[in-house]
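One structure is given below, encoded as structure tokens.
The values are calculated or read from the model by the stated rules, or taken from the named source; none is laboratory data. Not measured: the values here are computed from a predicted model. All Cβ positions, glycine included, derive from the backbone under ideal geometry; neighbour counts span all protein chains shown.
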Amino acid sequence: MKKVDKYIKYTLPMICVLMFTTFVVLGFIKKPKSVTTGEIGVVKDEEFNNIYLELSINEFIDKGFTFGDSIDVAFDNGETIEDIPFLSGYYVPIGDLLACGYPGYPHVVIARNFGASTWEEFHMTDYSRVTVTLNEKGKYEDTEDLFSLKYSDNRKDFDSDIEFANFREVIGGKLERGKFYRSASPIDNQHKRAAYANQLAKEKKIKFFINLSDNETRYEEHVKAKDFNSAYYDSIYREGNVLLLGMNANYRSDDFAKTISKALLEMTNHEGPVLVHCVEGKDRTGFVCALMLALSDATADEIIDDYMITHANYYGVTKEEDPDKYEAILGFVNDFFYCMCDADKDTDVHSLDLKKGAENYLKKGGLTTKQIAKIEAYLK
């Protein structure tokens, strides 16, 4: 009996290993292939200066990667990134790295959430090469499931033009009523919303636009596009009443603070109503509207409510219908407050002096107390 036990414990496992190895060598059992892109090129994301992989999102997924996977990235200059999530949106803490397959993007992008340029950080050139390899299958699947937010670009899937275009008045504190609006882009039609936002802006007789996403080159590309249908917006632009800022999403950067501070000061030299927008009218627009509201004595809850309307419009996420997703998203808008007030994470946002924080943010952007007072008077 002892000999049998010894055989089962030691000899039988060794035989199984030898048989498996023999079958692999002979080709009867296929050795699992590692999931990798192999060496591929990179493309500069001109809008945010991040690293696009030279693969579309579908091509990347066809290689064997799935949203929620952990991946490693090796650059041909010797730099590496280990264990970052591949997600369908920017569902990581502010400043963290991820690979993002955002709907509508032409490629998978390596980026920092609301962070500085990864193209510069990892010293990319047009000739750089990169290899992406699977680290762990499904490691971040829970994050993907919790945050995954997808919306339709089909007008028929929405109850109104207003909801589809994410168009609304910004309301809160002492902000002047009927003067300030936000929306998806009325000129960039990549999400099929430009004509709707343009028409709604025309109906509200918007006289000045703060365009956070486009520069002059991109603007002219929109105008020359076959589906261009934003004549009202273009007429305001030709009158010199559209600011083209071409900003990235890193509101924590000095450049963002300087650019938006000058823009808000310039706004005071123009007749309203005013409309603020980026592409989706979500994050860059959300932060700028949060600044304007804070300068107008709005409460944290008023600013949160304004931001979260976007997620109700696009994704149907509300506190009542999907409390888990709502709370998860709330972490991103709370970072607006922490940034403005230079506060530690997890600080109770209701304890922060938001107006003073917004004023200090504009001072960081180079404005004087007198210039900030001029903006506040214009807003109220």
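Among the helices (runs of 4 or more DSSP H) confined to the range 258-375, the ones with at least 1 residues that are closer than 17 Å to ARG168 by Cβ and touching a Lys or Arg at 6+ places or on another chain (Cβ under 8 Å) are located at 283-295, 300-315. Looking across PHE114, PHE86, one residue alone is surrounded by 21 or more Cβ atoms within 10 Å (Cβ to Cβ), assigned to a loop (DSSP other than H, G, I, E, B) and touching a residue at least 24 places away in the same chain (Cβ under 8 Å). It is PHE114. Only a single criterion out of (1) modelled with pLDDT of 95 or more; (2) farther than 26 Å from GLY178 by Cβ; (3) of a type outside the set (S, T, N, Q) is not satisfied by ASP324, namely (1). If I ask for residues that are touching a strand residue (DSSP E or B) at 6+ places or on another chain (Cβ under 8 Å), acidic (Asp, Glu) and over 17 Å from ALA249 (Cα atoms), which ones from the range 57-105 would you list? Of everything in the range 57-105, those that are touching a strand residue (DSSP E or B) at 6+ places or on another chain (Cβ under 8 Å), acidic (Asp, Glu) and over 17 Å from ALA249 (Cα atoms) turn out to be ASP69, ASP72, ASP76, GLU82, ASP83.
So that you can scan it fast, the table gives a plain yes or no per residue for (1) closer than 29 Å to GLY331 by Cα; (2) assigned by TED's automatic domain parsing to the domain that holds PHE65:
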| residue | (1), (2) |
| --- | --- |
| GLY138 | yes, yes |
| GLU169 | yes, no |
| SER183 | yes, no |
| ILE187 | no, no |
| HIS191 | yes, no |
| ASN198 | no, no |
| ALA231 | no, no |
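Residue-level analysis places TYR326 among those that are free of Cβ contacts under 8 Å to residues at least 24 places away in the same chain, in the same structural domain as ARG284 (by TED's automatic domain parsing), buried (at least 16 other Cβ atoms within 10 Å of the Cβ) and within 19 Å of LEU149 (Cα to Cα). Can you name every residue in the range 34-73 that is exposed (fewer than 14 other Cβ atoms within 10 Å of the Cβ), acidic (Asp, Glu) and farther than 21 Å from GLU136 by Cβ? The answer is GLU39, GLU46.
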